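Structure first, commentary second.
The values are calculated or read from the model by the stated rules, or taken from the named source; none is laboratory data. Not measured: the values here are computed from a predicted model. Virtual Cβ from ideal backbone geometry, glycine too; neighbours counted across all protein chains shown.
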Amino acid sequence: MDRDQRFRKYQWIDVEVNRPRQDTRPESFTPNLDSISIESEVLSSGHNWAARKEFVSQMIGPNMCELRQLGSVPGGPSLGLIKPKNIQRVSITPEDNPEWSSEEFAKLRQYSLFGETPKNELEKIPYKFTYHFHCEDDHCGGHSMMCSDWEMAALYRRTRREYGENWQQPFLDKYQTRMINDFDTYFYVGTVSGHWNTWIIVGVWRAPKTDQLQLL
């Protein structure tokens with residue numbers, strides 16, 4: 001990617017996209033990286049992220065229970081943004097296979113958004129991170145969903161490097177304690193290619209909590 005095409009979070013871009021041949025999910029597209037054009041500066045983080053919240057709030061869709069039901073039929077949604085009603089905890093469990101298979105590694109290279117991805121970014125995290133939460137559905141019995149957010153993987157690498165075998169507590173301080181107590185937390189959720197009824201958390205979006213008096 002050319003230097004003038006490298007964008008940051010919270011910037012608007014314009015990009016050509018194509019439908020992938022082997023992925024029939026309605027929200028799945030492949031970007032043409034050569035067509036990327038940056039259309040804005042980074043959205044302001046002022047006033048408790050007001051500009052960013054205004055944009056993200058427009059994307060909030062059905063709750064997780066509804067998404068599972070809607071996505072259970074052909075052509076149903078395979079991507080969404082939800083706000084959990086409450087988050088109980090994050091569990092950390094070892095991966096059954098701590099290394100990528102040759103097939104999995106080939107797929108990572110194939111679907112990389114940024115072409116030549118550095119090798120360390122493709123190293124498999126030897127743990128699964130799972131959020132346990134309830135959504136806004138009145139009859140929700142709870143959800144346990146694996147999270148594949150790349151920033152979570154980056155934090156694992158950093159805390160493991162800084163704290164060694166004691167990495168889990170500082171990791172959970174950010175992705176469990178602070179997500180519950182300090183932020184308005186939302187989940188980007190999506191289905192797994194080839195497994196249309198398997199949902200995972202593909203990204204975590206958090207913003208400073210807003211005092212209700214500021215909304216009046």
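Across segment 1-25, the number of residues qualifying as touching a Pro at 6+ places or on another chain (Cβ under 8 Å) and surrounded by 14 or more Cβ atoms within 10 Å (Cβ to Cβ) comes to 1.
Any residue in segment 61-80 that is surrounded by fewer than 12 Cβ atoms within 10 Å (Cβ to Cβ), free of Cβ contacts under 8 Å to residues at least 12 places away in the same chain and closer than 30 Å to His134 by Cα? Within segment 61-80 (the criterion being surrounded by fewer than 12 Cβ atoms within 10 Å (Cβ to Cβ), free of Cβ contacts under 8 Å to residues at least 12 places away in the same chain and closer than 30 Å to His134 by Cα), the answer is yes, since at least one residue qualifies.
Here Phe133 meets each of (1) outside any helix (DSSP H, G or I); (2) surrounded by fewer than 16 Cβ atoms within 10 Å (Cβ to Cβ) with one exception, condition (2).
Filtering Leu33, Leu43 for residues that are under 23 Å from Gln5 (Cα atoms), in contact (Cβ under 8 Å) with a residue 40 or more places away in the chain and either in the same structural domain as Ile200 (by TED's automatic domain parsing) or under 21 Å from the mean Cα position of the chain (by Cα) (or both) leaves a single hit, Leu33. Looking at (1) modelled with pLDDT under 90; (2) within 21 Å of Leu155 (Cβ to Cβ), which is the one condition that is false for Gly71? Every condition holds for Gly71 apart from (2).
Out of curiosity, is Glu66 part of a helix (DSSP H, G or I), among the charged types (D, E, K, R) and at pLDDT below 60?
So Glu66 does not fit the description; no.
When Glu104, Glu136 are checked against the criterion of being out of contact with any strand residue (DSSP E or B) (no Cβ under 7 Å at 6 or more places or on another chain) and at pLDDT 65 or above, Glu136 stands alone in meeting it.
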